[in-house]
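The values are calculated or read from the model by the stated rules, or taken from the named source; none is laboratory data. If you're wondering where the values come from, they're calculated on a predicted model, not measured in any experiment. Because the Cβ atoms are built from the backbone with ideal geometry, glycine has one as well, and the counts that use them run over all protein chains shown. Only protein heavy atoms, including side chains, enter the accessible area calculation; ligands, DNA and RNA are left aside. Shrake-Rupley method; radii C 1.70, N 1.55, O 1.52, S 1.80 Å.
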Amino acid sequence: MNDRQQLISLLTGVQSSKKSYYTELKKMVTELKKKNMQLEIINDITKSFNIDISMDEMMKNSMDKLKTIFPVERISLSLCENHKLVLTNVYPAHSLYFPIGFVLPKERSLYWKVVQSLEKIFYQIEEDEDLYVEAAVYNALGVRSVLLIPLISKGKVIGVLSIGSKEKVVYDEDDLSFFQQFCDQLAVCIENVRLYNEVLTSKKEWEETFRAVSEMIFLVDLEGNILRYNDAANEFFQVDLYKKDICKLLSINPKESPIVEILETKKSVHRRIHIQQRVCELRSYPVLNEKQNMYAVIMYLNDITEKLQIEAQLVQSGKLAAIGEMAAGIAHELNNPLTAILGNAQLLLRSFSKDDRIYKLLFDIYSCGKRCKTIIQNLLTFSRQDEYRFEDCSINDAVEQVLGLIGDQICKQNISIQKRLDASIELIEGNLQQISQVILNLLINAKDALEEMDIPEKIIVIETKSIVEAGEHWVVLSIRDNGKGIEEQHLQEIFNPFFTTKSPGKGTGLGLSVSLGIAEAHGGTIEVVSELGKGSEFILKLPKKK
Ligand code: ADP
């Protein structure tokens, strides 16, 4: 008998008499099933972090399994946030008493006791007791016993898990150790999720900042392929830029690309480039890995056309203001002696007959004096730049004003000016001084274009007329020369600030950009037609006064 019992106990691990053998075996199978389920629960929590399921789902899964081995009806999770304990999840949802997000008070709180002691608490609730604030909740929900376990990560309490049952349960050592393991695993997962979200948020923040910067930004590999770019770049180029060649995109000679320069100098490179008739500032910086080897380049591209145009206007109006100030001073000084010269010459003229030789000399003095007076007058009117008031004005008046100022100077260079002004031209609403400034710039350019030409007749034709185009009434001024013309590749660039083909002392490259700025401020535009070696025509179009 003894041998038999020993054999059974060896084979099955069950030490029992035959009578209780089946009961013992059944008990053992139940124990094993329970252990299995416990392992499954722990496993589930670990997995859930990797497959990115929500905390609610994880609570549901755990609860469904817990229910099969323990009399558990409710679990809730409260997490520590900024020294507060906040209720974050409850399962099942109908066992909610406080709302999610509820901040648990510190006084007389079982939960806080767990947080402060770092120890788990098993508590059985007596009816009508109000020792702890949570008692009312459990009474209302019909919960009779709760197990509260601290969630500890790196020695710090990060929250409390509460496991509630509607009956008075008894947990043995094994059960409690399982719940402890369950909570330790849960704490690790919660902390991981928190860290992961922190990384994700800061990644998102960086990405959003990168995308939102108003300058265009490109990350380019050393072969010049675009790896990343922001919204501003997308908006400017309006095409998919991924893996596109940056040199092609920015019309840069690959041999002179900033990447080549940075590879040589290991320093950042700043350049000004022209793209699609815009002036852009290009700043390129090396991107280094931990071993300080360059593996990519960051390029910032900033469209500075408007800024340059405003700067150019400022420079020009600054210059004109200086001329104006000087002219006013000179005019003041010259006006008095001129009045004396003119007055005396007029007096003397009366004493001589028209055939007299001296009369002719005196008349010369008189007419030259008058011319000086007109020039001073024109200079004064022209340079009065301080007020840009818009009023009704005639483009013909602007032409006359400018011709009064530099007409003679142009004619002295053997250039004939042909005026074809439409006397019935419509008025515009604008600033006469600014329009005169445009005409002056266009005339000087036409004169310069004719300067080195070896042709029998150098001509500038100034024409004004009114036209109707697409139902709009326009006042048009055209200045045409038969000078050297403009190379086709330059036609795109002549309106860019600082673009000049003239020698440094002569050209600033500001005239046309300022002129275009003025025309646009008047609701108009400037067009150009040119043929190399034959001449150019600049057409200023302004809307007629409404
Ligand atoms: P700048 O006269 O100081 O060079 P602009 O902006 O007025 O500056 O002109 C830019 C360039 O456009 C000139 O350098 C010249 O190459 C070209 N250009 C302008 N007008 C003419 C013209 N009538 N004929 C030929 N080239 C012209």
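Brief remarks on what is shown
- Of all accessible heavy-atom area on segment 252-354, the percent that carbon and sulfur account for (1.4 Å): 56
- For the chain, averaging the sequence separation of C-alpha pairs within contact (under 8 Å, six or more residues apart) and dividing by the residue count gives a relative contact order of 7 percent.
- 3J(HN,Hα) along segment 331-347: 4, 4, 5, 7, 4, 4, x, 5, 4, 5, 4, 5, x, 5, 4, 4, 4 Hz, from the Karplus curve 6.51 cos²θ - 1.76 cosθ + 1.60 with θ = phi - 60°, whole Hz, x for Gly and Pro.
- Charge dipole of the chain (Cα centre as origin; +1 on each Lys and Arg Cβ, -1 on each Asp and Glu Cβ, all else neutral): 480 debye, rounded to the nearest 20.
- Furthest towards positive pole of dipole, Cys189, Ile163, Phe178, structure part segment 151-212, Cβ charges: Cys189
- Protection proxy ranking of 437-444, 342-349 - average other beta-carbon atoms within 10 Å, highest first: 437-444, 342-349
- With coordinates expressed along the principal axes, the C-alpha atoms belonging to the chain extend over 167, 57, 47 Å, beginning with the largest.
- Top positive-direction residue, dipole computed over the chain with Cβ charges, set Ile415, Leu361, Tyr285: Tyr285
- Derived scalar couplings ³J(HN,Hα) [segment 87-99; Karplus, 6.51 cos²θ - 1.76 cosθ + 1.60; whole Hz; x for Gly, Pro]: 6, 10, 9, 9, 9, x, 4, 6, 8, 7, 10, 7, x
- Full extension of the chain between Glu452 and Arg194 yields a length gain of 85.3 nm, computed as 0.36 nm times the residue separation minus the alpha carbon distance.
- Unit charges on C-beta of K, R, D, E only; dipole of segment 394-546, Debye: 280
- Within straight-line cross-link reach of Lys458, aspartates and glutamates at Cα separation under 20 Å, skipping those fewer than 8 residues along the same chain: Asp408, Asp448, Asp481, Glu487, Glu531, Glu537
- FRET E, pair Asn253, Leu427, Förster distance 51 Å, beta-carbon r, rounded to 0.05: 0.55
- Each part reduced to its alpha carbon centroid, segment 395-439 and segment 347-371 end up 31 Å apart.
- Rolling a 1.4 Å probe over the protein heavy atoms gives the chain an accessible area of 58 Å² per residue.
- Part-to-part distance (alpha-carbon centres) for segment 129-164 and segment 63-90, which is given in Å: 8
- Cut-off under 5 Å, modelled amide H: who pairs with Phe498 long-range: Leu510
- Projected area averaged over orientations for segment 428-546, convex hull of C-alpha atoms, nm²: 7.7
- Long pairs among Lys84/Lys204; Lys27/Lys156; Lys319/Lys373; Lys34/Lys154; Lys248/Lys291, criterion Cα-Cα beyond 32 Å: Lys27/Lys156
- Coupling constants for segment 69-85 follow from the phi torsions by the Karplus curve (6.51 cos²θ - 1.76 cosθ + 1.60, θ = phi - 60°), and in residue order they are 10, 10, x, 10, 10, 8, 10, 9, 10, 10, 10, 7, 9, 6, 6, 10, 10 Hz; glycine and proline get x.
- The alpha-carbon of Lys255 sits under 17 angstrom from the alpha-carbons of these aspartates and glutamates, leaving out residues fewer than 8 places away in its chain: Asp221, Glu223, Asp245, Glu264.
- Within segment 264-342, GluC sites (Glu not before Pro) in DSSP loop having at most 15 other beta-carbon neighbours inside 10 Å: Glu290
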